[in-house]
Amino acid sequence: MPRDSAGHLIPGRVGSSRRVPDRIPRPEYVGRPGPRPYTGDDRYSPDEIERIRGAGRLAAQAVEAVAAALRPGITTDELDAIGHEFLVAHDAYPSALGYRGFPKSICTSVNEAICHGIPDDTVLLDGDIVKIDITAFADGMHGDLCATFPVGDVTPEAADLVERTREALTRGIRSVAPGRELNVIGRTIESYARRFGYGVVRDYTGHGVGEAFHSGLVVPHYDAAPDHATLLEPGMVFTIEPMLTIGTPEEPGTVDWDEWDDGWTVVTRDRSLTAQFEHTIVVTERGSEILTLP
Ligand code: MF3
Ligand code: CO
Ligand code: CO
């Protein structure tokens with residue numbers, strides 16, 4: 001429904017926030033303007049890692065449930081309902097709900113929306129791509145993932161962007177090993193994206209995750225060396241979540257974006273298509289492991 005005459009997204013109507021039963025524990029930031037500063041570590045014990053995996057599994061299953069419902073004609077708010085109901089049915093809290101005032105339980109970002117799209121009365125159309133980003137809070141831990149899905153039949157350009165963004169995440173994950181600098185991840189992702197002339201979003205990054213939704217640790221998806229040289233250590237948990245764009249940035253590789261007046265939705269300034277994939281991972285003795293698998 002809400003699209004302008006050129007077919008670009010415009011803000012829709014956001015319905016009321018969904019309720020979470022009182023028996024489900026909330027993250028500390030709910031009902032407050034924002035999270036308290038996180039003073040804990042980005043490294044976790046084996047027990048804690050299993051708890052993050054539990055939250056991550058529920059988030060991944062919620063993404064699967066939403067994906068199964070995707071079809072032209074469904075609204076992004078209907079997708080929010082599916083993700084929300086799945087999580088609360090499994091005693092998890094949808095971490096997005098009430099995070100710095102975010103009004104909905106999942107993020108749905110269509111076509112040129114890079115991230116943080118608010119579910120509303122936008123109707124998905126044949127040929128759209130949609131990013132579904134879900135974070136679950138369970139057993140005191142957050143698990144965070146995102147995937148991009150085609151709606152109906154998409155153009156070859158869109159399908160390529162989606163598959164190459166998925167591959168960029170896979171390569172970023174494979175670059176992780178103890179003793180390496182964290183900036184190896186973005187270097188790997190950016191050099192792959194550049195093969196195709198894609199832009200890499202710089203201003204939104206991966207992040208430490210676990211006890212806190214966003215711990216303060218920043219994981220760039222571009223080559224940030226010599227900055228972000230933190231040495232990767234076994235037990236560290238963070239997300240990798242590259243956002244790649246088709247388009248012709250003036251400065252090769254960079255991406256300009258605009259934020260909507262809703263304070264959340266981020267779109268490419270040239271309205272070019274963008275895709276994202278995200279996993280929560282843990283650094284292991286030999287490499288890394290994904291904690292957000294169904
Ligand atoms: N899940 C997003 C991320 O990957 C954050 C969403 S914040 C929200 O970091 F408030 F929009 F949910
Ligand atoms: Co994230
Ligand atoms: Co996310």
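We did not get these values from a lab; they are worked out from the coordinates using the rules stated. Everything numeric in this text was worked out from a predicted model, so none of it was measured. Reconstructed Cβ throughout: ideal geometry from the backbone, glycine too, with neighbour counts over all protein chains shown.
Using the Cα centre as the reference, give the magnitude of the dipole from point charges on the C-beta atoms of the chain (Lys, Arg: +1; Asp, Glu: -1; all else neutral), rounded to the nearest 20 debye.
Here the size comes out at about 400 debye.
Taking 0.36 nm per residue of sequence separation and subtracting the Cα-Cα distance, how much length would be gained by fully extending the chain between residue 225 and residue 71, in nm to one decimal?
Length gained between residue 225 and residue 71: 51.3 nm.
Would you mind counting up the charge near residue 211? Only other residues with Cβ under 15 Å from its Cβ, with Lys and Arg at +1 and Asp and Glu at -1.
Local charge sum for residue 211: -3.
Taking the Cα centre of region 184-294 as the origin, how large is its charge dipole in debye, to the nearest 20, when only Lys and Arg (+1) and Asp and Glu (-1) carry charge on their Cβ atoms?
460
For region 91-153, just the Cα set please: Rg and Dmax, both in angstrom.
Expressed in Å, the Cα Rg and Dmax of region 91-153 come to 12.7, 40.
I'm a student and want to see the number: the projected area of the Cα convex hull of region 73-200, averaged over all directions, in nm².
Averaged projected hull area, Cα only: 9.4 nm².
How are the C-alpha pair distances of region 192-286 spread across 10 Å bins, as whole percents from the shortest bin up?
That works out to 15, 41, 32, 12, 0, in percent per bin.
Cut-off is 10 Å between beta-carbons; in what order do 293, 169, 97 appear when sorted fewest neighbours first?
293, 97, 169
Suppose a student asked you for the relative contact order of the chain, using Cα pairs under 8 Å spaced at least 6 residues apart; what percent would you report? Mind showing how you got there, number by number?
Details: 748 pairs, mean separation 62.7, N = 294.
After rounding, I find 21 percent.
Specify which residue in the list 290, 277, 225 is farthest towards the positive end of the charge dipole of region 196-294, using unit charges on the beta carbon of Lys, Arg (+1) and Asp, Glu (-1), about the Cα centre.
290
Rank-order 42-49, 150-157, 4-11, 60-67 by packing density, defined as the average count of other C-beta atoms within 10 Å over each peptide's residues, highest first. Please report the intermediate quantities before stating the final value.
Working: 42-49: 15.1, 150-157: 13.2, 4-11: 11.0, 60-67: 20.8.
Packing proxy ranking, top to bottom: 60-67, 42-49, 150-157, 4-11.
Distance in nm between label sites at residue 78 and residue 286, each 7 Å beyond Cα in the beta-carbon direction?
4.5
If you stretched the chain out fully between residue 47 and residue 260, how much longer would it get, using 0.36 nm times the residue separation minus the C-alpha to C-alpha distance?
72.6 nm
With the contact rule set at Cα under 8 Å and sequence spacing of 6 or more, what percent relative contact order holds for region 125-260?
25
For the chain, count the residues as N, evaluate 2.2 N^0.38 Å, and divide the Cα radius of gyration by that value, please.
Details: Rg = 17.9 Å, N = 294, 2.2 N^0.38 = 19.1 Å.
Scaled against compact globular proteins, the figure is 0.94.
Summing +1 for each Lys or Arg and -1 for each Asp or Glu, what net charge is found among the other residues whose Cβ lies under 13 Å from the Cβ of residue 111?
Here the count lands on -3.
With +1 on the Cβ of every Lys and Arg and -1 on the Cβ of every Asp and Glu, and nothing else charged, how large is the dipole of region 31-84 about its Cα centre, in debye rounded to the nearest 20?
Dipole magnitude for region 31-84 comes out near 80 debye.
If we count every other residue with Cβ under 10 angstrom of residue 124's Cβ, Lys/Arg +1 and Asp/Glu -1, where does the sum land?
-2
Using amide H atoms built in the peptide plane, which far-off residues or other-chain residues are under 5 Å from residue 142 H to H?
Close amide H contacts, sequence-distant or interchain: 210, 211.
Which of 39, 170 comes first, and how do the rest follow, when ranked by fewest Cβ neighbours within 10 Å?
39, 170
If you keep only loop residues by DSSP, which chymotrypsin sites (Phe, Trp or Tyr not before Pro) in region 173-277 have at most 14 other Cβ atoms within 10 Å of their Cβ? Could the numbers behind the result be given before it?
Numbers: sites: 192, 196, 198, 204, 213, 222, 238, 257, 260, 264, 277; in loops: 196, 198, 204, 213, 222, 260, 264, 277.
Loop-located and lightly packed - 196.
For the chain, build the charge dipole from Cβ charges (+1 Lys, Arg; -1 Asp, Glu) around the Cα centre, then report which of 178, 193, 147 sits farthest towards its positive end.
178
Sum -39500 (n - 2.57) across every DSSP H segment of at least 4 residues in the chain, then divide by the residue count to get the 222 nm mean residue ellipticity, nearest 500.
It lands at -8000 deg cm²/dmol.
What is the list of residues in region 109-140 whose amide nitrogen lies under 17 Å from a point 7 angstrom out from the Cα of residue 153, following Cα to Cβ?
Inside the label zone: 125-129.
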